[in-house]
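Taking it in order: structure first as structure tokens, then the write-up.
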Amino acid sequence: MVFNGGRLEVNAEVESQLRVAVLDWGGKELPGFGFEDCQAIRGDSLRHAVSWRGQGLPHRGTEPLRLKFRLERATLFTFIAL
């Protein structure tokens, strides 16, 4: 996907935790945007804000990126980049 915005939000019901990694098109984690950098998401919300050490989505111009979700006792309904 190509992201024009700088924020990622997820609609999820999370009993344990949900984390997101941002990958380049080849599938490699971007530095500072891996699972360990992602603030764990917990609880039930239509609009959980995802952040990596206080940062939003990286701006990479027209370069496509991938998202990888790690869910532990969680249900992800949808996500949106704003």
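The values are calculated or read from the model by the stated rules, or taken from the named source; none is laboratory data. What you see is a predicted model; the values in this text were computed from it and never measured. Glycine also receives a Cβ, built like all others from the backbone with ideal geometry; neighbour counts cover every protein chain displayed. With ligands, DNA and RNA removed, areas are computed over all heavy atoms of the protein, side chains included. Shrake-Rupley method; radii C 1.70, N 1.55, O 1.52, S 1.80 Å.
Take the chain and mark each of the trypsin sites (Lys or Arg not before Pro) that is in a DSSP loop with at most 15 other Cβ atoms within 10 Å; the longest unmarked stretch, sites excluded, is 29-52. Among the chymotrypsin sites (Phe, Trp or Tyr not before Pro) in the chain, those located in a DSSP loop and surrounded by at most 16 other Cβ atoms within 10 Å of their own Cβ are TRP25. Counting only protein heavy atoms and a 1.4 Å probe, the chain has 60 square angstrom of accessible area per residue. With only Cα atoms counted, the chain has Rg and Dmax values of 11.9, 35 Å. Near LEU46: Cβ cut-off under 13 Å, other residues only, Lys/Arg at +1 and Asp/Glu at -1. The net charge is -2. Take the Cβ atoms of HIS59 and GLU13, set R0 to 25 Å, and the FRET efficiency comes out at 0.25. Remark: spin-label model distance PHE77-ARG42 equals 2.1 nm, labels positioned 7 Å along the Cα→Cβ axis.
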